Structures are given as structure tokens and as C-alpha cells.
Amino acid sequence: MADRLRAREFLALLTDDFTELPHPEPDSAPDGPLGWRGYDGSRLRAAERTGEEESVVCGTGLVGGTRAVLIAFEFGYLGGSLGERTGDRLEAAHEHARRYRLPVVPLIATGGSRMQEGMLALTQLQRVARQSVLTRQAGLAQVAVLRDPTTGGGWATLGAGADVVLALPGAQVGFAGSRVRPLAADPAAYTAEAQVAAGAADALVAPEELRTTLARWLRLLTAPSGEPAPVPAALGSTELPATGWDAVRRARAPERPRAEAYLDAYFTERVAIGGDRAGGTDPDGMLCGFGAHRGRTVAYAAQTGRATRPAGYRTAARLIRLADRLGIPALTLVDTPGAANDAEAERQGAGAAIADLFAAVAAARTPVTTLVIGEGGSGGALALAAPGNTWATPDSYFSVIAPELAAAILKRPPHEVQTTADQLRIRPQDLVGLGVIRGVAQSG
């Protein structure tokens, strides 16, 4: 399998011009910093077996048309473990990336920290985390590829700490390695598939598709722009609604174009992020990722017309913050009857998730453009809307609360729901008059 290839063989899957970086001078203390008896012999045998002098190979290469710093772990060298020399190489790789403004791509296959170096090995995780933070602060993307296995501190820093996490199908992925888990632990929980399902990784990518997929990600994440995303063309009805209830009825119509249709029309290519990095996903309620629009990269977060769950809001907040850090404009599509309000949503932190998205949009320095394409249900919709740059399609509405709920709160009979809808002034033209939105999107 490709995930069991040597480090340099795996690099050859992704680039044809890999150039190794110079190595920092290694520590020459006998048997390492702890004087662990036999450690020098273990390293010598590992070097003879793999042809490598350490557990990582660091260099640069073109992936598609984008040059990147590539960090490939050699699992055959002491289980791809991290020691002081590993930390030296990882630090040098990140410094090179920042000096030459290159994205960083860790290709991880590791069992964790090197026991023969004790706590000095474990503290390399702090060193790696620091380098990752500095690279993040420099506005450079980090895209990790999880090979087999990806466990321990390598997963908890280089892997889970990356901006985008791609995983090879069937790879063992988890903080606990196979020899240190509880005997009754379900092995399925420690897989790439489980991490994607839990929102800790973004996608599974087959080895034969990895070069193309990684090239697309790097191309999109390395194209900053200060210009706002253009407002998408309206795909549905072109006539404005006559009444508030007419606006509601048209926004709820099953045949109205939804997020997928708008994204397909707007982007020539796109890639999706998946998951909130906190154990949750909401693939049915929120679509997030990056795409190419007229030669420019635009980030997107789009509601699908369903009640949005907490994980959806957290994923959107993650998307907005990543776009902001990389200098990429964002497009948000509002379409939800409201936030999910069941008991499970409350247990999952609905209020905190919505607050986090409000904060991410409010703090964004990159321009955010919003189009309401259907239902704009209360704060669960407003959290995704850009202050001062929100637009609406003719077949949409935006309301402080659904008309039915407003009537119930006001203790009005059911036959007054339509009148209540008018009083709420929720039509696109009403929203323009109120200064809530900038305008009504036109058809293309």
C-alpha cells in the first residue's frame, strides 16, 4: 500500500522535483542525551535499513504548480518517532517556509515521541507547536496528510493542528497508539474514517488521487485577494414577492434553488472542509470550503435550507477564521429556518457555537459577502451574515422570527399568521428599505 511506502517513495507520489533542505548539525553525544544503552546501535541499524539519518525528510517540491515545504516521515526509522534531531529538522523546515513564503505539507507516519530520549523527546512537541503557530501567524497554509500510522504527539501537533487534514483510507489515526490503548477499546475508533466522521479530519483521499487533490488545495489556499467576493447571480424567481407571506411561501418552495446549485454555478472548482475540530460535523446543514471564481480563490460557508446544528456553526467559524488568516475573501449563503432547537443541539452547545460564528464574522479583516438565498430564520441565519454587505435573492426572506412563531408569541390565532408576516416586513424590498441588506441580487 502507498501509505507503507518509504518517505522518499511517498514524496515521489506528489512531486517530481523534490529538493532536500540542509540538515542542522546533529548532537554527537554517545547513545543520545540520556546515554540510553544501545541507542546508537538502534539508530545505525535504522539508517542502514532505510537509508535515512533521521525519521523525517524535509525539503521543497512543486505539487501541481505550487511550491511547498514537504515533511515526510520515515516510519522505518524507529517508528517515525520524534527526537531532538527530528525537532531540529522540523524547525528548520518551518523557518524555510516562512522565509520563502511557502505552504507546509507534513506527510505523517509516526508512532509518537522517542522513548530513548525521554522528556527531551516529548518536549519537541512544544517546539513543533511553536513553529506551527509562527507559520500560521505568517499567513501560510498547512495541509497535513495522515499516513499509516499517525499516532501520539505527531497526530496531536503536525496532524490535528494543520489547517486542512487529509487522510489515506484505512490509516491508523489516533492519539493512543495500538500498544497503549485499553484492551477493550474499539479499533474502529482509531482510524482515518473515524476521524473524518468525528470532524477531526477533512477528507479521505486515495493515494492515486493525492497529488491532484493536494495540488488543488495548495493552489486555492495560496491565492490571497483583498477584493470582496462578487454577489452570486439569483438562480430562482426574478420577481419580488407581493406580500410577506408570499415571500415566505416562495422561500420554502421545494423547487427553489439551494446551496449546491449556487455553489456549482459560482465556482469552477471547489474543495470542502469537513468538521468543527471538536467532535462534530453537519454535512446536511452547512457546506464549507474553498473554490475558484473567475480565477480567484473564495472561501464559502453555505446553509442548505435545514436547521443548522452546532457543529455547522463551528465549522463555518473555522472556515471564516482560516480565510481571514490566509487573506482570502469569503462568501456566505444564508438559508435556514433557524438554528436546530432540539435537546441534543442544546447539549452540543448551540448558543456558544452561534456566538463563536458571530464573533468570527465580526472580527474578520478579509471581506465577507453574504447572499440570502432562501429562509433567513432569526439569529441562526444572522450569525452567517456580513454586516453591511448582505444581499438577498427575490425568492428569500429575512425575519427576526418565523411568522408562525411570532403569531404564537403574540397569542394571535392561526389565520393571522399572514398578516403578521406583512407586519414583520421581511420581503427583500422591505429589507432594502430598512437598511438591513444592500440590495436584491439579479439573475445572471
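The values are calculated or read from the model by the stated rules, or taken from the named source; none is laboratory data. Keep in mind it's a predicted model, so treat the numbers as computed, not measured. Don't worry about glycine lacking a Cβ; one is built from the backbone with ideal geometry, like all the others, and counts go over all protein chains shown. Note: areas computed on protein heavy atoms with side chains; ligands, DNA, RNA excluded. Shrake-Rupley method; radii C 1.70, N 1.55, O 1.52, S 1.80 Å.
Which is farthest toward the positive dipole end of the range 53-140 among 87, 109, 129, measuring Cα position about the Cα centre, with Cβ charges +1 (Lys, Arg) and -1 (Asp, Glu)? Going by the charge dipole, the pick is 129. Normalised by residue number, the volume inside the convex hull of the Cα atoms of the range 102-219 is 104 Å³ per residue. When only the Cβ of Lys, Arg, Asp and Glu is charged (+1, +1, -1, -1), the dipole of the range 227-319 relative to its Cα centre reaches about 220 debye. Mean sequence separation of contacting Cα pairs (under 8 Å, at least six apart), scaled by the length of the range 301-444, corresponds to a relative contact order of 22 percent. Take every pair of alpha-carbon atoms less than 8 Å apart whose residues are at least six positions apart; their mean separation over the length of the range 5-158 yields a relative contact order of 22 percent.
The rule of thumb for compact globular proteins, 2.2 N^0.38 Å, goes into the C-alpha radius of gyration of the chain 1.12 times. Between the residues 292, 57, 359, the greatest Cα displacement towards the positive end of the dipole of the chain, with unit charges on the Cβ of Lys, Arg, Asp and Glu, is found for 359. Once a ≥ b ≥ c are taken as the square roots of the eigenvalues of the Cα gyration tensor of the range 108-161, is the result rounded (a/c under 1.5), prolate (a/b larger than b/c) or oblate (a/b not larger than b/c)? Oblate shape, in that a/c is at least 1.5 and b/c is the bigger or equal ratio. Over all orientations, the range 1-72 has a Cα convex hull whose mean projected area works out to 5.9 square nanometres. Starting from the Cα gyration tensor of the range 242-380, take the square roots of the eigenvalues, sort them a ≥ b ≥ c, and report rounded, prolate or oblate (rounded when a/c is under 1.5, otherwise prolate if a/b is larger than b/c, else oblate). Note, shape of the range 242-380 comes out oblate. Working from Cα pairs under 8 Å separated by at least six residues, relative contact order for the chain is 12 percent. Helix 310-326 and the longest principal axis of the Cα set of the chain meet at an angle near 70°.
Given a 1.4 Å probe and every protein chain left where it sits, what share in percent of the accessible area of the chain is carbon and sulfur? On the chain, the fraction of accessible area on carbon and sulfur atoms equals 55 percent. Sparsely packed loop sites in the range 1-70 (the GluC sites (Glu not before Pro) outside DSSP H, G, I, E and B with at most 16 other Cβ atoms within 10 Å) comprise 53.
Computed from point charges on the beta carbon alone (+1 for Lys and Arg, -1 for Asp and Glu), the dipole magnitude for the chain about its Cα centre is near 620 Debye.
Take every DSSP beta bridge whose two residues both sit in the range 23-128; close to 60 percent of them are antiparallel.
Amide hydrogen proximity for residue 309: with H placed 1.01 Å from N in the peptide plane, the residues at 5 or more positions away or on another chain lying under 5 Å are 340. Of the beta bridges in the chain, as assigned by DSSP with both residues counted there, near 40 percent are antiparallel. Helix-only arithmetic for the chain: the sum of -39500 (n - 2.57) across DSSP H runs with n ≥ 4, divided by the residue total, places the mean residue ellipticity at 222 nm at -10000 deg cm²/dmol. Modelled label positions at residue 410 and residue 12, each set 7 Å beyond Cα in the direction of Cβ, lie 7.3 nm from each other. For the range 115-266, the solvent-accessible area of protein heavy atoms averages 43 Å² per residue (probe radius 1.4 Å; ligands and nucleic acids excluded).
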